[in-house]
Amino acid sequence: GTTLSHVPSAPYLHADPAAVARWRARLPGFRVGLVWAGAPRAEDSAALATDRRRSLPLAALAPLGAISGVRLVSLQKGDAAGQPVPAGMVLHDWTAELGDFDDTAALVAALDLVISVDTAPVHLAGGLGVPTWMLNRYDCCWRWLCDRDDSPWYPRLRQFRQDAPGAWPGVVARVADALREVAA
């Protein structure tokens, strides 16, 4: 019986305020968390195919590293976290200090914005009420209501969707333009 007008959308997660303050003190400026890849499950060929469509290489996000005043913070875990940082991008990586979702929630809550592919950090940031920009594949998951760029689940989420399958450059260009505006 749930309809879009009845979707609960208030933040429902909260991070430890002292931990959030410690993270904020470590990095001044406009803090933006990045997640560029999901967690592939090799044992499930359908999930692996979906992950390949929703993930992109860190190098594709290089234009974000050139935006003045933005401090990029890696939230990426797993194998994709080992990708080389593109030339000109400074990416702060404290993920080794994140033991669980409580730790991750404190870091996410200390950020001004999270930019992520469709993976768990989107839901964590959304549940915390942190502004979130989701890089979404062309054949988006039905949960994101593919005919809109917002989300009834998370009022501070904005979707940037591919115009064609695999077309990440246009998504990244739109994100970079939007990030320049909010970071100014």
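Taken together, the values in this text are just the output of simple stated rules run on the coordinates, not laboratory data. The structure presented is a predicted model; accordingly, all values stated were derived computationally and were not measured. All Cβ positions, glycine included, derive from the backbone under ideal geometry; neighbour counts span all protein chains shown.
If you filter region 87-184 for trypsin sites (Lys or Arg not before Pro), then keep DSSP loop positions with at most 13 other Cβ within 10 Å, what is left?
Answer in residue order: Arg148.
Enumerate the amide H contacts of Arg161 below 5 Å, restricted to partners 5 or more residues apart or on another chain; note that Pro and chain-start residues carry no placed amide H.
Asn136
Could you check the simple spin-label distance between Leu145 and Asp163, using points 7 Å along Cα→Cβ, in nm with one decimal?
Between Leu145 and Asp163, the simple spin-label model gives 2.5 nm.
What distance in nm lies between label points placed 7 Å from Cα along the C-beta direction at Ala60 and Asp112?
Each label point lies 7 Å from its Cα, and together they span 2.6 nm.
Using a basic spin-label model with each label point 7 Å from the Cα along Cα→Cβ, how many nm lie between Leu27 and His6?
A separation of 4.0 nm, rounded to one decimal place.
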